[in-house]
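See structure below.
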Amino acid sequence: MKAVIFSSKQYEKAYFHSANTQHQHDLIFIDAVLNKETISAAQGAQAIITFVTDTLSEEILGLIYNLNIRHVATRSAGYDHIDINGANQLGICIANVPEYSPHAIAEHATMLMLALNRKLLPGQHRMHDCNFSLENLTGFDMNGKTVGIIGTGKIGLICAKILHGFGCTILGYDLKPNPSATQYSVRYTNLETLCQKADIITLHLPLTTTTHGLVNQTLIAQMKPGVMLINTSRGAVVDTKAVIDALKLGQIGAFGADVYENEKNLFFKDHSGEILQDDLFARIKSFSNVILTGHQAFLTDVALKNIAETTLHNLDCWQVGKASENELTTLSVQ
Ligand code: NAD
């Protein structure tokens, strides 16, 4: 099957080439983001392979339809960048990679917790300056702390497993509690109680109309003063302005995030030679008790191998006229 890979990055190409030796698709790598100007690169293809940076709006889906393309594989777990409803109406099949490595993201979230707690970056800066003073570097034992996991699906569950190993008390909140969570002593509660009791809160929810802006001024006000907030889910689950206000007041004591609500034209590119235009981002990254990474939680060798393998499997199914088990329908959208 001829498939055009938009937003392709050097770090993933070798994994696609290697996986494709078993699948034999005709893969065309395009560095550009999928948009009105670049879509013509997909002329003559049977499928498009996208990433979270490619917005598949009603308009773009219409252009895909006009190119006679009926298959889109996103090489991501999240699919909030795709109008699934619109695609279904046009008869365009969309498939994702529902699970490539929940460990990759859960481990990244834990890394943010530990780095913030133990003041890793300030400590490292002092080392460069030969400043060996330990003043203001005091952290806390993870053992015995209460961690609230909001969203206990595949990634939230692995997070619970890791934190259970640290000896944390774990509170969970989810629309559909995960029966596997009991093995890690997760106690389910409502959002309000979780916020009141947790020393650390970590978000593992999809971005949907209900989770958009879930962590806002009102919810933050219910959290323990000095709470640590971790977001490796999607940027817009959190109201960044509300987090900034809470950091200024000390209501949030530390913030770690791998995602940012306006990351679309910012992340995944080198902007180092430019003047930063995003004032919200400039402010959030200015705090010494904030660690931000540029949507890299997924970036492990296992994850990249599995992303390539599952994406090509989705194409295999379509090539022989079968539905892939990873296809997304309006019903699967939470
Ligand atoms: P999942 O579907 O296994 O789990 C999500 C959980 O959230 C489910 O248990 C679901 O019931 C729950 N949920 C959904 N809406 C809810 C609501 N309104 N209130 C309470 N609970 C709700 O998904 P997953 O694989 O664990 O991934 C979670 C999210 O992590 C993805 O949707 C994606 O946005 C994000 N993600 C980020 C990265 C990264 O690199 N930073 C990589 C992969 C996934």
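The values are calculated or read from the model by the stated rules, or taken from the named source; none is laboratory data. All of these numbers come straight from a predicted model, not from anything done at the bench. With ideal geometry, Cβ positions are generated from the backbone for all residues, glycine too; neighbour counts draw on all protein chains shown. The protein model used for the area step is the full one, side chains on, heavy atoms only, and it has no ligands, DNA or RNA in it. Shrake-Rupley method; radii C 1.70, N 1.55, O 1.52, S 1.80 Å.
Among the criteria (1) assigned to a loop (DSSP other than H, G, I, E, B); (2) more than 15 Å from the ligand (Cβ to nearest atom), the one residue 244 does not fulfil is (1). Can you confirm whether region 257-266 contains a residue that is modelled with pLDDT of 95 or more, in a helix (DSSP H, G or I) and open to solvent by 40 Å² or more (accessible area, probe 1.4 Å)? Within region 257-266, none of the residues are modelled with pLDDT of 95 or more, in a helix (DSSP H, G or I) and open to solvent by 40 Å² or more (accessible area, probe 1.4 Å). Criterion applied to 236, 254 was being within 15 Å of the ligand (Cβ to nearest atom) and either touching a His at 6+ places or on another chain (Cβ under 7 Å) or within 26 Å of residue 120 (Cβ to Cβ) (or both), and the one residue passing it is 236. If you scan region 10-58, which residues turn out to be open to solvent by less than 50 Å² (accessible area, probe 1.4 Å) and assigned to a helix (DSSP H, G or I)? Answer for region 10-58, where residues must be open to solvent by less than 50 Å² (accessible area, probe 1.4 Å) and assigned to a helix (DSSP H, G or I): 12, 13, 16, 19, 20, 39, 41, 42. Criterion applied to 244, 201 was being touching a residue at least 40 places away in the same chain (Cβ under 8 Å), in the same structural domain as residue 279 (by TED's automatic domain parsing), surrounded by fewer than 22 Cβ atoms within 10 Å (Cβ to Cβ) and under 11 Å from residue 255 (Cα atoms), and the one residue passing it is 244. List the pairs whose first member sits in region 286-297 and is within 16 Å of the ligand (Cβ to nearest atom), whose second member is assigned to a loop (DSSP other than H, G, I, E, B), and whose Cβ atoms are under 6 Å apart, counting only residues at least 6 apart or on separate chains? These pairs meet every condition: 292/285; 293/258; 294/267; 295/258; 295/259; 295/267; 297/232; 297/258.
Counting the residues of region 79-101 that are open to solvent by less than 20 Å² (accessible area, probe 1.4 Å) and under 21 Å from the mean Cα position of the chain (by Cα) gives 8. On the stretch given as region 138-154, residues that are outside any strand (DSSP E or B) and open to solvent by less than 50 Å² (accessible area, probe 1.4 Å) total 5. For region 296-315, which positions are open to solvent by less than 20 Å² (accessible area, probe 1.4 Å) and out of contact with any helix residue (DSSP H, G or I) (no Cβ under 6 Å at 6 or more places or on another chain)? Hits for region 296-315 are 307, 311, 314, 315. Considering region 267-295, the residues that are closer than 17 Å to residue 7 by Cβ and hydrophobic (A, V, I, L, M, F, W, C) include one that is least open to solvent (accessible area, probe 1.4 Å), namely 267.
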